[in-house]
Amino acid sequence: DTMTYNSLLQAWSNSKRTEAPDQAMRILDRMVANNSVRPDAFTFAGILKCWYKVGAGRHSKHHSANMHSPLTAAQTGHDVLHSMQSTYNVRPNTICYNAVLQAWYHVARTDGEMAVQRSVALLHEMLQESVVPDEYTLGWLLETIRSDKKSSAITRWNRAQQIVHVMSNAHVSPNRKSRKLLERLERHARAQTLLAGKGMESKGN
């Protein structure tokens, strides 16, 4: 039944094996082929967890050459998320969205701009679809913004403030970890502003 398949997916998502995402997709195919079993939100949460974990594993010192890249993992997770409703008639929940947000966070180390854009778009999609974000949603968004090292500290701080404002309207407040991250972003932005001001003074002199 569905619970048995979901337990199997949970086991794969908790494993560190590089083939976990591909195995998860095969399990989904078997579920679809079995007319007596219907995937649900927990099914897809397990699948999406497999994808974000393999993306995270590529940053590990022990990653395998045949592992999916963080970008491939995030894009596939993104596609799976959007196929839930259109193909399988399953409404994504907060856990599913957070899993894909976490996958995009792992992309931010190499392509911060893309990761931030995709993550912010997912947040707006959640709100539009009446999926309630939570403190983890906010946390992954802020982590992705922080990891975008190609953007200036001021840009990262401004983006973080915008996200906090949107989340505040959704009645979500930063937890302790997010508050510390915001303090760090603000501190870096102030330092950059100060340096820019000193540079202008030097040119004026």
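The values are calculated or read from the model by the stated rules, or taken from the named source; none is laboratory data. All of these numbers come straight from a predicted model, not from anything done at the bench. Heads up, the Cβs are rebuilt from the backbone with ideal geometry, glycines too, and the neighbour counts pull from every protein chain shown.
Points worth noting:
- P92 falls short on exactly one of the conditions (1) at pLDDT below 95; (2) surrounded by 15 or more Cβ atoms within 10 Å (Cβ to Cβ), and that condition is (1).
- Considering segment 11-59, the residues that are among the polar types (S, T, N, Q) and modelled with pLDDT of 95 or more include one that is farthest from T72 (Cα to Cα), namely T43.
- Restricting attention to segment 33-43, the residues that are in contact with a Ser or Thr (Cβ under 9 Å, 6 or more places away or on another chain) and either surrounded by fewer than 14 Cβ atoms within 10 Å (Cβ to Cβ) or not charged (D, E, K, R) (or both) add up to 4.
- Whichever residue in segment 149-166 is within 24 Å of V131 (Cβ to Cβ) and touching a residue at least 40 places away in the same chain (Cβ under 8 Å) and, among such residues, is surrounded by the fewest Cβ atoms within 10 Å (Cβ to Cβ): V166
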